[in-house]
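> Here it is, the structure, as structure tokens.
The values are calculated or read from the model by the stated rules, or taken from the named source; none is laboratory data. Keep in mind it's a predicted model, so treat the numbers as computed, not measured. Neighbour counts are summed over all protein chains in view; Cβ atoms, including those assigned to glycine, are modelled from backbone coordinates with ideal geometry.
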Amino acid sequence: MKSKECVNCGSTHFHKVEQGWKCDYCGTVYLKPQKGSSPQQSQNPDTYSKKRPRKVIIAISFVILLIIGSVIFILSNTTSYEPIDTQPANSQSKGAFPGEWTSEIYDSIKVATKHYDADSEKYSFEGGASYEELEKLVGPPDRVTSWEKEKYGMPPKSTATWDQTKDGEYANGSVTITYDKQTKMITDKSRY
């Protein structure tokens with residue numbers, strides 16, 4: 001054999017085996033050339049068997065992490081609202097409320113429960129009614145005040161106020177609803 005160099009590791013040290021020559025360092029086998037062909041390189045079966053399980057384990061780990069991440073994302077973005085259960089409005093309760101508001105609608109609004117996470121120093125809410133559903137029932141508010149940034153661990157919020165009648169005159173009372181800007185969950189309500 002002429003001075004050859006292993007294509008895998010660059011070694012020049014070989015020993016003779018039954019099929020041809022084997023690299024002393026990486027174990028690559030070079031088959032004896034047949035007439036009219038160039039030397040062939042054989043893949044070491046030990047190298048192949050070591051690489052394949054590693055790739056399979058990495059692929060399975062990736063799939064498992066992808067599934068876990070998807071489940072966490074879905075659960076974190078799922079917001080459950082309490083329905084606004086309204087009874088038919090009676091004319092006696094309508095006098096102290098603006099616009100389409102009634103005492104039944106106001107009383108049926110469920111305010112979210114506030115939770116404080118000491119590790120992240122942030123508040124979260126759950127179980128409140130949906131502001132979007134409320135707005136469909138009573139119409140758009142007369143005024144909205146928004147806070148765009150998180151403050152003292154509280155998420156960005158908006159306060160909607162209804163204080164006018166359908167005719168645009170000021171009503172005898174007003175209703176103020178505070179809601180989380182991201183989830184649109186009602187976090188507070190008040191009536192004057």
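> Since residue 146 meets every condition but one in (1) touching an Asp or Glu at 6+ places or on another chain (Cβ under 9 Å); (2) in contact (Cβ under 8 Å) with a residue 12 or more places away in the chain; (3) not aromatic (Phe, Trp, Tyr), which condition does it not meet?
(1)
> State which residue is surrounded by the fewest Cβ atoms within 10 Å (Cβ to Cβ) when the search covers only region 159-189 and only residues that are modelled with pLDDT under 90 and of a type in the set (Gly, Ala, Ser).
168
> Here is a list: 175, 144. Which entry is in a strand (DSSP E or B) and in contact with a Pro (Cβ under 8 Å, 6 or more places away or on another chain)?
Answer to the check: 175.
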